[in-house]
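For reference, the structure discussed in these notes is given below.
The values are calculated or read from the model by the stated rules, or taken from the named source; none is laboratory data. Note that the structure is a prediction, hence the values are computed from the model and not measured. Ideal geometry is used to build each Cβ from the backbone, glycine not excepted, and the neighbour counts take in all protein chains shown. Heavy atoms of the whole protein, side chains included, go into the accessibility calculation; ligands, DNA and RNA do not. Shrake-Rupley method; radii C 1.70, N 1.55, O 1.52, S 1.80 Å.
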Amino acid sequence: MMNEEILSFVWRFQYFESTNLVTDEQKRISVVRTGHRNNNAGPDFLEAAVVIDDVHWYGSIEIHVRSSDWFVHTHDSDPAYESVILHLVWENDKPVMRQDGTLVPTLALKGSVKNSIMERYALLQDMGDTIPCAGMFSEIHEIHKYAMLDRVLLERLDRKAVAVMELLEKNRNDWEETAYQWLGMHFGFKLNDPAFLRLTQIVPLKVIQKHRDRLLDVEAILFGSAGLIPEKSEDIYVRSLQNEFRFFSTKYKLADKVMQPHEWKFAKLRPAGFPTIRLAQLARLLSIEGNLFSTIISVNSFEKMEDLFQLRQSDYWIRHYVFDKKAATPVPFMGKDAGSLLTINGIIPVLVAFARQRQQPELLDKAIDWLSQLPSENNRITREWATLGMRVKTSADSQALIEWYNNYCLPKKCLDCTVGAGLVRSN
């Protein structure tokens, strides 16, 4: 099925018969420069150059399956499309005029595109595999595969850095508050990320910093604001939390912001991953490190960063997974795998975001180096790539493969992928 994606691909690489090329208005045309892909609002390709009947034109290229889509997309009333010098379509079913009444030259490609291109694209789109090119993956040289791997790793790092920067903007450019919220959110380990983010936004870092020399205070503020402290209990620890939070909620005006217990997810989690345990471990981290951002930026040793997440929760949470119910065996401390995930998802994006903002490439290098020292994640996606021969040795590899799979394979954006595009171009 024809779509704008394949037409853009055909235009970008000029995979159509160009000998004696004429527009639908029967004017000779040659392509000087295809332009560059526009990923924002406006025409599809910018800064293109074509020669039509010996007249040089510089401007934009707009692509549609049918020329009438120009009107469907309301380009006729958008001044941004006045710069279009060529309307590239599959079928020309309606002439397009500029607002001054002049005709936009149209080039219809139906019948001019190489059959092999269309056939291989259709084959990729029709594949039932979650990685569409799985059956043809071995046809592409390794250099193209690993070029794509490097590319998607940087895309993943940049995408997460953008999310950090958006949070930074909400925090009025306060890096310490942002690092606290971003890292705190990832103590939710996906399922409870929204709840942990909400909690760190309810409880300002400065409140935690005032009490970090007393772990019980930090626990009371966090568990109380999370809405998880039982209303009634005979346990001495629980009653201590109740009393402390009653005081702090008034002092810091937290009472009206307390979360509801149902916001926290316990189902389908191993007990060691319960939000109560993760909250206790977060409290321990915040009592040890008062300025997380400064620590993230200043630490140069990967081993020291690993030490940051060797967190031993307080005694109560070594004996309990939840309030008022003693565990049959001691509750484990934070494991190495959990610490690695916090480094990957919590620390690295902050490093990359700060590196981008301050234009400090050495911090980006440090982030990639740390990823390369962390072991690969082992999940369904990485295992699927492994069946295709893609090495998965470090977190840099696994993070790249996850990005590749989620952003190119699942939505079948094969033509934007180095491997997919290479397969379509192959004869």
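Just a few scattered comments:
- Spin-label model distance (nm) - residue 336 vs residue 18, 7 Å beyond Cα toward Cβ: 5.5 nm
- Legend: calculated FRET efficiency, residue 240 to residue 312, from the Cβ-Cβ distance at R0 = 25 Å, rounded to 0.05, equals 0.80.
- The relative contact order of the chain, computed from alpha carbon pairs under 8 Å that lie at least 6 residues apart in sequence, is 15 percent.
- For the stretch 163-180 and the stretch 341-387, distance of Cα centres in Å: 19 Å
- Exposed loop sites were defined as GluC sites (Glu not before Pro) in DSSP loop states (anything but H, G, I, E or B) carrying at most 13 other C-beta atoms within 10 Å; in the chain the longest segment without such a site runs 18-230.
- With both labels modelled 7 Å from their Cα along Cα-to-Cβ, the residue 256 to residue 154 distance reads 4.9 nm.
- Between the beta carbons of residue 425 and residue 359, assuming R0 = 30 Å, the FRET efficiency works out to 0.25 to the nearest 0.05.
- Listed by chain and number, the lysines placed with their C-alpha closer than 27 angstrom to that of residue 27 are 94, 110, 114; residues fewer than eight positions away on the same chain are left out.
- Pairs of Lys residues in the stretch 260-391 that lie 8 or more places apart, or on two chains, and have C-alpha atoms under 28 angstrom apart add up to 11.
- At an R0 of 45 angstrom, the distance between the Cβ atoms of residue 127 and residue 71 translates into a FRET efficiency of 0.85.
- Point-to-point label distance, residue 102-residue 138, nm (Cα→Cβ direction, 7 Å offset): 5.6 nm
- Neighbour cut-off at most 11 other Cβ (10 Å), DSSP loop, trypsin sites (Lys or Arg not before Pro), the stretch 347-408: 393
- Beyond 29 Å, the tail of the calculated P(r) for the chain holds 59 percent of the Cα pairs.
- Shape call, the stretch 169-285: gyration tensor on alpha carbons, a/c limit 1.5: oblate
- Sum of side-chain charges, residue 192 neighbourhood, beta-carbon under 14 Å (Lys, Arg +1; Asp, Glu -1): +4
- Proximal lysines to residue 251, defined as alpha-carbon separation beneath 24 angstrom and excluding residues fewer than eight positions away on the same chain: 206, 210, 232
- A straight chain from residue 39 to residue 266 at 0.36 nm per residue would run longer than the Cα-Cα distance by 77.7 nm.
- Expressed as a whole percent, the accessible surface of the chain that belongs to carbon and sulfur atoms is 51, based on a 1.4 Å probe.
- Normalised by the number of residues in the stretch 1-97, the average gap of Cα pairs under 8 Å and 6 or more apart makes the relative contact order 24 percent.
- Probe 1.4 Å, accessible area per residue of the chain, Å²: 49 Å²
- In the chain, the DSSP-assigned H stretches of four residues or longer account for a calculated mean residue ellipticity at 222 nm of -13500 deg cm²/dmol, using -39500 (n - 2.57) per stretch and the full residue count as denominator.
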